[in-house]
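First the structure, in the form of structure tokens, and then the observations on it.
Every number here is computed from the coordinates shown, using simple stated rules; none is lab data. Because the structure is predicted, anything quoted here is derived from the model rather than measured. All Cβ positions, even for glycine, are placed from backbone atoms using ideal geometry, and neighbour counts span all protein chains on display.
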Amino acid sequence: MGEIMVLAEHRQGEVRDITFEMLFKARELCQQNSHSLTAVLMTDGQGSYADQLKSWANEVVVFKDDRLGNFNADFYNVILAALIEERKPFIVLMGHTPWGMDLAPALSVKTGYPLVTDCVDVLVEDGKPKVIRQIYSGKIYSKVSFKESDVYLVTVRPSSFTPEVAEPFSGEIVEHDLPADLPTPRRVFKEFVDTAAGEVDISQAPFLISVGRGIGEQENIEQVKELAEKMGAVLSCSRPVVDKNWLPKYHQVGTSGKSVKPKIYLALGISGAFQHVAGIAGAGTVIAINKDKKAPIFRVADYGVVDDLFKVVAALKEKIES
Amino acid sequence: MNIVVCLKRVPLTQEVDLQVNSDKKDIVKDGLAFVVNDWDNYAIEEAVQLKEKLGGEVTAVTVGYEDDEEVLRRALAMGADKAIRIDPGERELDAFVISKILSSVIRDLRYDLVLTGVQADDTNEAMVGVMVAENLGIAHAAVVNGIEVDGNELTIKVELEGGIDEVSTITLPAVLTIQTGINEPRYVSIMGIRKAGKKELKVMTIDELGLSQDYLLPQTVIEELFLPPETEGAEILEGDPGTIAEEIIRIIKDKGVSI
């Protein structure tokens with residue numbers, strides 16, 4: 001009987017959703033393969049993280065230290081590497097989040113254990129882990145296995161698993177000593193800054209018209225803005241539009257922007273990268289217009305139009321005006 | 001400040017119907033256009049801007065074949081001073097192997113900072129940059145969208161979820177993986193690329209680096225690539241733009257949204 005370990009992620013007093021998504025998936029893998037499930041928590045002792053986690057795992061291993069209030073790859077790497085060496089878990093799951101991306105590759109080099117990142121599914125076949133990834137913007141899937149190892153490291157794409165209500169664990173909370181040789185960190189946390197606050201709150205709008213890379217030029221946004229005004233919709237956008245400084249960040253829908261829950265989401269020239277799709281999970285009806293019939297947005301949209309967005313925008317304007 | 005930038009050339013796959021090869025290990029790449037990985041383009045721009053402010057040298061590095069030199073020439077045209085291509089030969093490559101090759105080249109260069117994209121547009125692993133840092137035993141930060149230099153220390157912004165940035169300080173030398181949107185990459189003209197042809201572009205082999213076969217074993221295996229499972233997906237609205245517009249307006253009103 002082996003162990004599956006899940007690294008808990010928390011920020012500003014809250015356990016991040018990815019943690020429960022991973023614990024939910026890990027529970028399924030543990031049931032199938034008679035493994036035990038361990039959540040690993042690093043904290044400065046504030047908050048009730050361990051209490052929240054104990055109903056999701058057989059054991060919650062807690063590292064408590066004043067220096068662990070915020071994520072720090074230097075500390076996490078040394079602590080997790082030591083714990084992995086001690087317990088040799090079968091699989092370690094971490095989030096494919098900004099912090100997971102900061103930690104997991106370093107942990108893999110430090111421990112020598114193989115890593116596959118950004119997995120949308122994790123399976124165990126003949127006692128070996130296999131993972132499913134999406135590559136080329138989700139147009140192709142990839143099944144990946146690891147070289148033979150004692151421990152396998154995996155990072156999981158956020159929103160890949162939806163935790164369902166299950167019989168809660170009554171996990172044991174175990175405080176673990178820190179390794180003696182904690183390094184002086186080379187990176188020091190200063191503060192969190194909210195960059196998405198602005199004049200418009202897209203997260204509350206009932207009707208969003210959203211533009212993506214397909215808008216082509218900054219000038220073209222104007223006609224969509226006009227359409228939005230005429231239709232009583234709020235204008236939003238996907239990441240490339242903000243990257244190019246065509247619209248301020250508070251318009252951005254997606255993982256690094258805002259999650260939205262409009263009744264209607266009209267996506268114009270948005271391909272549907274997973275970071276964007278995660279942001280519209282709460283949307284009612286999604287209508288997507290895109291020239292690329294293989295654009296991933298059509299996999300999540302309710303209605304699709306494979307056409308030039310400008311033609312449809314012009315026609316919509318005409319119909320509204322008449 | 002001396003900066004090394006790691007770049008990758010990737011196929012352009014928007015508006016392309018991708019197919020899987022017969023051995024199911026790769027996609028059919030014939031006929032695809034190739035470009036510099038978008039994230040790496042921001043990394044090279046950031047490096048050149050830092051050099052313009054602080055002086056020093058920018059070296060662009062890629063692991064790849066002759067065709068991949070295109071991204072190095074482009075980096076030289078943007079303002080890099082020299083470039084290195086490491087030819088991997090017939091070797092199987094994964095992020096582990098590539099990061100080891102890059103680390104072994106960078107170790108012998110004079111550098112204060114290593115920049116690369118958060119991830120590559122093709123396989124989006126987000127592994128190589130951070131692995132290079134750990135191989136070199138230096139500090140790192142992933143998903144950086146702001147850099148300010150203060151002597152031997154940088155103040156950086158890391159992009160987290162939900163519009164939150166994490167501000168921290170990091171000591172040099174360091175590896176930073178760069179997020180899109182950190183700057184506005186400059187335009188590169190064909191003329192500019194031609195002019196940059198005079199700059200040094202060095203080609204090295206794995207043997208010259210003295211790396212053994214055993215050291216460069218991949219740790220992961222692609223079992224198979226496949227097309228996404230068929231899902232019901234969107235109901236496609238057909239017709240001329242006028243008909244489609246009427247249909248969209250009907251759907252919006254049906255859902256109780258007044259326009």
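So here's what we get for this one:
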read-out: Links that overshoot a 29 Å alpha carbon limit, given the list A:Lys64/B:Lys157; A:Lys147/A:Lys294; A:Lys244/A:Lys293; A:Lys64/A:Lys147; A:Lys244/B:Lys198; value: A:Lys147/A:Lys294; A:Lys64/A:Lys147; A:Lys244/B:Lys198
read-out: The range A:16-24 - phi-based ³J(HN,Hα) in whole Hz, Karplus 6.51/-1.76/1.60, Gly and Pro as x; value: 6, 3, 3, 4, 6, 4, 5, 5, 5
read-out: The protein assembly as shown: antiparallel DSSP beta bridges as a percent of all, rounded to 5; value: 35
read-out: Rg ratio (alpha-carbon, reference 2.2 N^0.38 Å) - the protein assembly as shown; value: 0.97
read-out: Residue with peak Gaussian network fluctuation, chain B [Cα springs, cutoff 10 Å], from B:Ala33, B:Ala77, B:Ala43; value: B:Ala33
read-out: Anisotropy class of the range A:3-175 from Cα gyration tensor, a/c 1.5 cut; value: rounded
read-out: Sparsely packed chymotrypsin sites (Phe, Trp or Tyr not before Pro) within the range B:38-113, loop by DSSP, other Cβ within 10 Å at most 16; value: B:Tyr65
read-out: Global geometry of chain A, whether rounded, prolate or oblate, following the gyration tensor of its Cα atoms and the 1.5 cut on a/c; value: prolate
read-out: Neighbour count of at most 12 Cβ within 10 Å plus DSSP loop: longest GluC sites (Glu not before Pro)-free window in chain A; value: A:1-147
read-out: Fewest-first sequence of B:Arg250, B:Arg85 by Cβ atoms within 10 Å of each Cβ; value: B:Arg250, B:Arg85
read-out: Percent of beta bridges antiparallel (DSSP, chain A, rounded to nearest 5); value: 25
read-out: Residues A:Arg157, B:Arg186, sorted so that the one with the fewest Cβ neighbours within 10 Å comes first; value: B:Arg186, A:Arg157
read-out: Other protein chain Cβ atoms within 10 Å, averaged over every residue that makes up B:242-254; value: 5
read-out: Cα pair distances of the range A:174-322 binned at 10 Å [whole percent]; value: 11, 39, 27, 8, 8, 5, 1, 0
read-out: Three-way shape call for chain B based on the alpha-carbon gyration tensor, with the a/c threshold at 1.5; value: prolate
read-out: Fluctuation leader among A:Gly254, A:Gly45, A:Gly100 - chain A, Gaussian network, Cα springs under 10 angstrom; value: A:Gly45
read-out: Which of B:Tyr187, A:Tyr250 has the fewest Cβ neighbours within 10 Å, and the rest in rising order; value: B:Tyr187, A:Tyr250
read-out: Three principal axis lengths of the range B:198-259 [C-alpha, angstrom, descending]; value: 69, 41, 23
read-out: Label-to-label distance, nm, for residues given as A:Glu14 and A:Lys263 (7 Å Cα→Cβ offset); value: 2.6
read-out: Cα-based helix-to-principal-axis angle, B:241-254 vs chain B, degrees rounded to 10; value: 80
read-out: Inter-probe distance in nm under a simple model that places probes 7 Å from Cα toward Cβ, at B:Lys25 and B:Glu92; value: 0.6
read-out: GNM result for chain B, Cα springs below 10 Å: residue of B:Met131, B:Met204, B:Met78 fluctuating most strongly; value: B:Met204
read-out: Test item: B:174-180 mean partner chain Cβ contacts at 10 Å; value: 2
read-out: Average partner coverage of A:189-197, which counts Cβ from other chains inside 10 Å; value: 5
read-out: Percent of beta bridges antiparallel (DSSP, the range B:3-216, rounded to nearest 5); value: 40
read-out: Folded to 0 to 90 degrees: helix B:95-107 orientation relative to chain B principal axis, Cα; value: 40
